[in-house]
Amino acid sequence: MGAPPPPKQEYCIEELFNPVLTTGAQVSCILVLSHFFQLALKPIGQPAPVAQILAGFVLGPSVLSRIEGVKNFFFQNFAGDYYEAMSLYSRMFIMFLIGLEMDVPYMMRCLRPASTIAFGGSIMCTIFGAAITNFMYQETEARGDMVMMAFMIIGVLANSGSPFVIRLAADLKIATSDVGRLAVSTSLISDMYAVLILVIVSKKEQMNLGKWFLSGLASFFIVVAVIVFNTYIANWLNRRNRNQKYLKNMEVFVLFLIVFGAATAIESMGFSSIVGCFLIGAMFPRGGRTARTLLIRLTYPVQNFIIPIYFGYTGFRADITVLDSPRNIGLFVFVILLCIGGKITGTLAACLYLKTPLNEGVLLAFLMNLKGHVDVVTLSVGLQNKLIPILVRRENDTLGYRHTSLEIQNPESELRMLACVHSPRPVSTMVGLVASSRGSENVPVTPYLMHLIELPERTKTKVLYHQREDDEFSDEEDYGGNDVVEINDAVDIFTSETGVIVNQIKVVSPFVTMYEDVCDFAEDVHASIILLPFHKHQRIDGKLESDKEGIRTTNQKVLRHAQCSVAILVDRAHTAGAPSQAQAQGSEALQHVATLFFGGPDDREALGFSKRLGTHHHINLTIIRFLSVSAREHNVGAIVATVAHNADDVLMAIPDHETDTEADNAIVTDFYNRYVTSGKVGYVEKYVESGEETASALRDMADMYTLFIVGKGGRGHSPLTTGMSDWEECPELGTIGDLLASSDFDISGSVLVIQQHRDSQNDDDDR
């Protein structure tokens, strides 16, 4: 009597298996399987997208879903609509984050080569697709419109899957290289072409030209309106509550809701929101607390949840059971070969036109063959992703981290700098050097500011992992205290005044391993130079006071292990040549900078860095070359009176057979002919006989300059510095740098000591 009737029990059981539960279970299974496959594949060098696609493939109809019970659970009625909705929302936030992270200045600089390569591959795929349409139409026994089928084939062949390219480039550590950034830009442009094809296909059945035009115009105005609104709201939020590290959760939610609403409106009009979300993210104001908060809030969930699910769903849609006959297998292989052939042919032809190196062209061609976006259902995604990591690893030594010393670097080329700080004190000077290193305003510079925070060996806290101490910030975000706010404010002011976007990173690590984080990140972003703060800071009375010993230890380890040039900044509260400070104080006064040249690879590197400062309109640069008296007597190294119009003429006149000395003379002569004779830079030669005379000459110029640039060393024992190392306190600065940084040496300017990276670094190599 009390037992429920069987029909109701069956109804309850059926209700448990609904599309929402199915979708949740599928997402959970994809995440679990992808982590399992990543653990298994990572030791053999496979990137994360391979594991995620493989997880979806195993879970899909090709493997596990061939079991009847699994298939009935995952492929219920209307489940496909939930999957499509999930992929749509995922794509919105992925493309918005891609836009936020996009290096827009670089994309604008490389717009011509990226467009040429993208259109080369797309046009070739269009030709190939149109050529095979009739054959495919007959072989597949299609009954629809042949023109529509042609557009579908062209869309499949031309699509490049920018999310796949971006994630793969990041995992393989080529995202910040020139070829990696070019691949990302090219894939985005190719996707825009594929989206255009997709719009044509979707509107073919109801091709009302007037209505279609109005819908497109409305979508365009929606994107423009959101971009304009975001500009005003971001600036307003940046000015509001300046003492906060990040935006409040409700403010972030409103910003996300605006993007989501705009994307949904575009989709409801029948257009893809891929390009719109990307443009909204790319045009979002970069400087300030708003963009910083959005990146933090989006990066973790997108990278760890949305993208794995997105990639996994691509593998989930692949169904090899359709390859049940030799004809279907043949058609599949034919399409794959045609797709690869079209992209490779078009991309290589474009690279040949642009005179791109062959190895870079081949890598770009294969990266452009990655297929993405869930609406393109093809098994080639999984197959191609397994091929490309092998190709990238083989080319990684050539296309990956290729350090070019500042000595030989073109001062008009892009400069990538990593500045490290432990506290807000040196931030102004660091960003001032960044601005000054731009030289003329047209020289691109990509600065990174890394906030290094010591992680205590034992951290005691009463806050649980899932709790928030102030309902806004997690315990991890609380590291750094008020220093984070001060650093952010200094960077925001600098960005607003100079227009230079500073990429900020926070590293929480014990001092023992902190150098690894610095060196690894510098390698990942292909930095040309690392700027480190000195382990002493200036007090009010002008004396230098030591900070934590771990800072000094970190500097020493970075000097030994970094794969690029390293500079240590002794900050005496003078921001050399920083336009931001000059403008903030209402002053247009020139900053006087001196580069001390004694000779050796480190001094040549310092001179290479000085090339960039010398052309800045707020810098009055003087090169001071120290030579021995015997050199003047033998006319060795002196170039002022005998400068020639061609550097080779000067080199032939120098009676010196030492390779290092010849290199010194060559770079100084070239520098003199380029910058001194044109009046951009001053040049002075100092003749001394001993370290005592050198020290005396340095004291005479102590109050003349706001910044001294000098190489660490690198020429062994020199008569110009004899006896100066007797009172050396900090060997990591070299003999001259240690003297200038000494509290006993009365000097008012800051000091920048530069060490050039060499394959075989000699720690004891000093003047």
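The values are calculated or read from the model by the stated rules, or taken from the named source; none is laboratory data. The model shown is predicted, which means the values in this text are computed figures rather than measured ones. A quick note on method: Cβ atoms are made from the backbone with ideal geometry, for glycine too, and the neighbour counts reach across all protein chains shown. These accessible areas exclude ligands, DNA and RNA; they are computed on the full protein's heavy atoms, side chains included. Shrake-Rupley method; radii C 1.70, N 1.55, O 1.52, S 1.80 Å.
Tell me, what is the FRET efficiency for Asp324 and Ile258 to the nearest 0.05, using R0 = 56 angstrom and their Cβ-Cβ distance as r?
Efficiency for this residue pair is about 0.70.
Could you check the spin-label model distance between Leu111 and Leu39? Points 7 Å from the Cα along Cα→Cβ, value in nm.
4.8
Just the accessible area for Glu729, please: 1.4 Å probe, Å², rounded to the nearest 10?
Estimated to the nearest 10 Å², Glu729 gives 100 Å².
Answer rounded, prolate or oblate for segment 270-372, using the Cα gyration tensor with square roots of eigenvalues a ≥ b ≥ c: rounded when a/c is under 1.5, else prolate when a/b is larger than b/c, else oblate.
It is oblate, given that a/c is not under 1.5 and a/b is not larger than b/c.
If DNA, RNA and ligands are ignored and the probe is 1.4 Å, what is the ranking of His526, His618 by accessible area, most exposed first?
His526, His618
In the structure displayed, which of Lys611/Lys712; Lys557/Lys611; Lys536/Lys712; Lys42/Lys173 lie more than 20 Å apart, Cα to Cα?
Pairs exceeding 20 Å: Lys557/Lys611.
Amide H of Leu531 versus every other amide H placed in the peptide plane: which residues, excluding those fewer than 5 positions away on the same chain, fall under 5 Å?
The list, which skips near neighbours in sequence, is Leu418, Ala419, Cys420, Ala567.
If you take the square roots of the eigenvalues of the alpha-carbon gyration tensor of segment 178-277 and sort them as a ≥ b ≥ c, do you get rounded (a/c under 1.5), prolate (a/b over b/c) or oblate?
Taking the square roots of the gyration eigenvalues as a ≥ b ≥ c, segment 178-277 is oblate.
Once a ≥ b ≥ c are taken as the square roots of the eigenvalues of the Cα gyration tensor of segment 485-549, is the result rounded (a/c under 1.5), prolate (a/b larger than b/c) or oblate (a/b not larger than b/c)?
Taking the square roots of the gyration eigenvalues as a ≥ b ≥ c, segment 485-549 is oblate.
Taking the Cα centre of segment 107-247 as origin and charging only Cβ (+1 Lys, Arg; -1 Asp, Glu), how large is the dipole, in debye to the nearest 20?
The calculation lands at about 980 debye.
How do the peptides 84-90, 304-310 rank, highest first, by the average count of neighbouring beta carbon atoms within 10 Å per residue?
So the peptides 84-90, 304-310, ranked by packing, come out 304-310, 84-90.
Please work out how much accessible surface Cys339 shows to a 1.4 Å probe, ignoring ligands, DNA and RNA, in Å² rounded to 10.
10
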